[in-house]
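Student: I have a structure here, written as structure tokens, and I will follow up with some questions on it.
The values are calculated or read from the model by the stated rules, or taken from the named source; none is laboratory data. The model shown is predicted, which means the values in this text are computed figures rather than measured ones. Note that each Cβ is placed from the backbone with ideal geometry, even for glycine, and that neighbours are counted across all protein chains shown. SASA here: full protein model, heavy atoms, side chains in, ligands and nucleic acids out. Shrake-Rupley method; radii C 1.70, N 1.55, O 1.52, S 1.80 Å.
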Amino acid sequence: MALHQAITVPEGDGVTVKRLMPVHGLRNFDPFVLWDHFDISGGGFPDHPHRGFEAITYMFAGGMQHTDNLGNTGTVHGGGAQRFTAGRGIVHSEMPDGHAVGIQLWINLPNSLKGLGPDYQQAEQDKIPETSFDGGLIRTIVGEGGPIRLKTDVEYLDIRLDAGSRLNRNIAANKRGFVYAVRGEASINALPVNSGQAACIEDETSLQIESSSGAHLMWCFGLPHHEPIHQHGPFVD
């Protein structure tokens, strides 16, 4: 298990993001190739191309409008998610609707699927299932019961922990991934993780997560493709 810190980088049209990967020291974490935590009120991400991966934009607050060259247009709001499959190529824009706060995650496509046609999906807040437990809440974005469909086997969860709470959760066989702290602090198998940090995890079968003061976490685990990743700007070949 290794601790990594997201760093602030410029992106798009006059905005900055907290980027966990790709950065020096964490280029990618197969099958995941980008993680941007954004909090923006102006600017945005005008028309630009992508190729070779799938992306999920998950909103905490505000809204984000997606428009692409397939004719898809949609605005997802806080608690909802958008997914696009770039495949062999897509051109799109993502522009904030008011104060937009959320995460964008890129998941590499296996080589056999990089020639797929592009695709788009949107799920609003009421389509993402919630499960309460003693001391917190889990929202399933991708995984059992989750609405967002991917070509890669992924479990992607939004986890809220109350102060003084604990969560024990198993990791599916052969998956690797990370737990990112959106806010607050948590102990993950005794490793302290604070806001803007992630614990990258492989070769573990379960995690014990505790928080003395409360935390908002993102759980992101997937089945690696075990193929070379050639990432350059908006393209993953």
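Student: Taking into account only those residues within the range 183-237 that are assigned to a loop (DSSP other than H, G, I, E, B) and among the β-branched types (Val, Ile, Thr), which is nearest to the chain's Cα centre (by Cα)?
Tutor: Of the residues in the range 183-237, the ones assigned to a loop (DSSP other than H, G, I, E, B) are 189-190, 195-196, 202-205, 212-214, 223-230, 233-234, 237.
When the remaining residues are screened for being among the β-branched types (Val, Ile, Thr), the result is 205, 229.
On the way: THR205: 21, ILE229: 18 Å.
Across the range 183-237, the extreme among qualifying residues is ILE229.
Student: From the list ALA55, ALA6, ALA81, pick out the single residue that is crowded, with 19+ Cβ neighbours inside 10 Å and more than 25 Å from PRO147 (Cα to Cα). Outline the logic, then answer.
Tutor: Working: ALA55 fails: more than 25 Å from PRO147 (Cα to Cα); ALA81 fails: more than 25 Å from PRO147 (Cα to Cα).
Going through ALA55, ALA6, ALA81 in turn, the sole match is ALA6.
Student: Quick one: which residue in TYR58, TYR120 is touching a residue at least 60 places away in the same chain (Cβ under 8 Å), in a strand (DSSP E or B) and among the aromatic types (Phe, Trp, Tyr)? Explain how you work it out, then say what you get.
Tutor: Numbers: TYR120 fails: touching a residue at least 60 places away in the same chain (Cβ under 8 Å).
Just a single option satisfies the conditions, and that option is TYR58.
Student: Being more than 16 Å from LEU217 (Cα to Cα) and of a type outside the set (S, T, N, Q) narrows it down to one of GLY135, GLY146, GLY102, so name that one. Outline the logic, then answer.
Tutor: On the way: GLY135 fails: more than 16 Å from LEU217 (Cα to Cα); GLY102 fails: more than 16 Å from LEU217 (Cα to Cα).
Within the list GLY135, GLY146, GLY102, the selection yields GLY146.
Student: Okay, moving on. Test ILE171 against the criterion of being among the hydrophobic types (A, V, I, L, M, F, W, C), in contact with a Pro (Cβ under 7 Å, 6 or more places away or on another chain) and open to solvent by less than 30 Å² (accessible area, probe 1.4 Å), and give yes or no.
Tutor: Numbers: among the hydrophobic types (A, V, I, L, M, F, W, C): yes; in contact with a Pro (Cβ under 7 Å, 6 or more places away or on another chain): no; open to solvent by less than 30 Å² (accessible area, probe 1.4 Å): yes.
Judged against the criteria, ILE171 is not a match.
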